[in-house]
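The values are calculated or read from the model by the stated rules, or taken from the named source; none is laboratory data. Computed from a predicted structure; not experimentally measured. Backbone-built Cβ (ideal geometry, glycine too); neighbour counts: all protein chains shown. Surface areas here come from the heavy atoms of the whole protein model, side chains and all, with no ligands, DNA or RNA. Shrake-Rupley method; radii C 1.70, N 1.55, O 1.52, S 1.80 Å.
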Amino acid sequence: MTTLTLLKSRIADDLDRTDLTSQIANAISDAIEHYKNERFYFNETRSSTFATVSAQSRYTSSDDADIPLWFELDAVFINDGTRELQLEPYDVIQMEYLLGQSSPGTGVPYAYSYYDRSFWLYPVPDSSSYTVRPLGVIEKAEPASDAESNNVWMTEAFELIRCRAKLYLAGHVINDSDLASRMAVAEDMALRKLRRETGKRISTGRITPTAW
């Protein structure tokens, strides 16, 4: 199983350097940061949910830690205990107008907006028994420790992050233009491979994205 420890070791071996411990760690973090908002098959999810609260229209990280991490939504569903319904995407202005009324409507929500790293629902939920389930793409965190297992950046995207981190090091630490050129090519190849794999998996039945 690949881990952050292994990636750091591989990069140090690739560069034949033992004096870049902190620089390698920083380069790996920078590489993950660079790609954390790109859609790959491993950062798509349909399993994140949060519960509504009666009379609460806005939902933030206080309601579910995943909420601020969404960067691409394909659909949002709500389950009222008997049915699962797809919420209609409303733009920010529509939602602001509806929720800004002196007495906003209440009931089972049929619309949502996502802005300010929050979900907004309309009508305002009249119950805490509804479950909201977004589908889309979410930011995946870098490993919390060197030994963390099954982190997607260390498993699915190992080669991409390896190449990107070495590109950072070549350009900002080692100042090796030849290495930078070679790593740019290697990074592009790794990225193309992941994008092809993502495209193949999407073509097998992912929900078509809805404008929002």
Failed criterion for residue 48 (all others in (1) more than 28 Å from residue 140 (Cβ to Cβ); (2) among the polar types (S, T, N, Q); (3) in contact (Cβ under 8 Å) with a residue 60 or more places away in the chain hold): (1)
Conditions (1) out of contact with any Cys (no Cβ under 9 Å at 6 or more places or on another chain); (2) within 24 Å of residue 74 (Cβ to Cβ); (3) part of a helix (DSSP H, G or I): number failed by residue 191: (1)
Top-ranked residue in the stretch 1-34 [being of a type in the set (A, V, I, L, M, F, W, C) and over 15 Å from residue 170 (Cα atoms); ranked as most open to solvent (accessible area, probe 1.4 Å)]: 1
Breaking point among (1) part of a helix (DSSP H, G or I); (2) at pLDDT 95 or above; (3) more than 21 Å from residue 33 (Cα to Cα), for residue 183: (3)
Conditions (1) touching a residue at least 12 places away in the same chain (Cβ under 8 Å); (2) under 25 Å from residue 123 (Cβ atoms); number of the one not met by residue 62: (1)
Residues within the stretch 138-163 that are open to solvent by less than 10 Å² (accessible area, probe 1.4 Å) and farther than 17 Å from residue 24 by Cβ, tallied: 1
Meets criteria (over 30 Å from residue 25 (Cβ atoms), out of contact with any helix residue (DSSP H, G or I) (no Cβ under 7 Å at 6 or more places or on another chain) and surrounded by fewer than 17 Cβ atoms within 10 Å (Cβ to Cβ)) for residue 102: yes
Residue ID - nearest to residue 34 (Cα to Cα), chosen from residues in the stretch 53-98 that are buried (at least 17 other Cβ atoms within 10 Å of the Cβ) and hydroxyl-bearing (Ser, Thr, Tyr): 59
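Tell me, which residue of the stretch 135-193 that is closer than 30 Å to residue 87 by Cβ and touching a residue at least 24 places away in the same chain (Cβ under 8 Å) is farthest from the chain's Cα centre (by Cα)?
Filtering the stretch 135-193 down to residues closer than 30 Å to residue 87 by Cβ leaves 135-141, 152, 156.
Pick out the ones that are also touching a residue at least 24 places away in the same chain (Cβ under 8 Å) and you get 135-140, 152, 156.
Working: 135: 11, 136: 9, 137: 5, 138: 2, 139: 2, 140: 5, 152: 11, 156: 14 Å.
Selected residue: 156.
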Top-ranked residue in the stretch 35-52 [being of a type in the set (A, V, I, L, M, F, W, C) and not in a strand (DSSP E or B); ranked as least open to solvent (accessible area, probe 1.4 Å)]: 40
